[in-house]
Amino acid sequence: MVINENELVQHALQARKRAYVPYSHWAVGAALLTKDGRIYEGCNIENAAYTPTNCAERTAFFKAVSEGEREFAAIAVVGAYEDAEPEQICAPCGVCRQVMMEFCDPETFRVILGTKEGVQVSKTLQEMLPYGFGPDVLK
Ligand code: THU
């Protein structure tokens, strides 16, 4: 499928506006594209106990998977302090890369890192998580 990467970054920028970040003040937005063209937006959701915090990428994945989605094409991510616009890329944490590994083909799934100017980096999951441990290992 043809992926409109800049459009996906625009969705991530919208999602970022809903980030709940009273502790770090670092607001992240993500937009997850399914293979049939649906987009699930996610933001980070922090917690006073800190460890229950959910990253924007995982919010998007858990929304989509809980709605029955299993086939994904790409995710866009943007991040910056909440009082600023994203001017530099925000790379997904290792836990989020592992969640991508569970549901996505590392050779084709694209991880798009954006700023307010649009797409800055577009890589495969394989490039973002080399030698990843995925569900195929346990089959
Ligand atoms: N965070 C994300 O949501 N995604 C990332 O890619 C990096 C980090 C969140 C977690 C926490 O709420 C805040 O950013 C600071 O770590």
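The values are calculated or read from the model by the stated rules, or taken from the named source; none is laboratory data. From a predicted model like this one, the values you see are computed outputs, not experimental measurements. All Cβ positions, even for glycine, are placed from backbone atoms using ideal geometry, and neighbour counts span all protein chains on display. These area figures cover heavy atoms from the full protein model, side chains too; ligands, DNA and RNA do not enter into them. Shrake-Rupley method; radii C 1.70, N 1.55, O 1.52, S 1.80 Å.
Miscellaneous remarks
- Between GLN120 and LYS63, the simple spin-label model (points 7 angstrom out along Cα→Cβ) gives 2.3 nm.
- For ALA91 and ASP36, the difference between the fully extended length at 0.36 nm per residue and the C-alpha to C-alpha distance is 17.3 nm.
- For region 62-134, the dipole from Cβ point charges (+1 on Lys and Arg, -1 on Asp and Glu) about the Cα centre works out to 180 debye, to the nearest 20.
- Against the chain, whose longest principal axis is taken from its Cα atoms, helix 5-16 shows a tilt of about 50°.
- Its residue count N fixes a reference of 2.2 N^0.38 Å for region 97-139, and the Cα radius of gyration divided by that reference is 1.29.
- Computed over protein heavy atoms with a 1.4 Å probe, the carbon and sulfur contribution to the accessible area of region 1-134 reaches 51%.
- Relative to the dominant Cα principal axis of the chain, helix 56-66 is inclined by about 50°.
- Taking θ as phi - 60° and the Karplus parameters 6.51, -1.76 and 1.60, the scalar couplings of region 24-33 work out to 8, 6, 9, 9, 10, x, 9, 9, 9, 9 Hz in sequence order, x denoting glycine and proline.
- Long-range lysine pairs (8 or more apart or interchain), the chain, Cα under 21 Å: 4
- Taken over region 18-83, the percentage of Cα pairs per 5 Å bin, counting from 0 up to the bin with the maximum distance, is 4, 20, 28, 20, 14, 9, 5, 0.
- Interatomic Cα distance distribution for the chain, bins of 10 angstrom, percent: 13, 46, 33, 7, 0
- Sequence-distant residues sharing a close amide H with VAL121 (under 5 Å, placed H): LEU113
- Hz values of 3J(HN,Hα) by residue in region 78-94 - Karplus curve (6.51, -1.76, 1.60), Gly and Pro given as x: 9, x, 5, 4, 4, 8, 10, 9, x, 10, 10, 6, 10, 7, x, 5, x
- Summed over qualifying helices (DSSP H, 4 residues or more, each -39500 (n - 2.57)) and divided by its residue number, the chain shows a 222 nm mean residue ellipticity of -7500 deg cm²/dmol.
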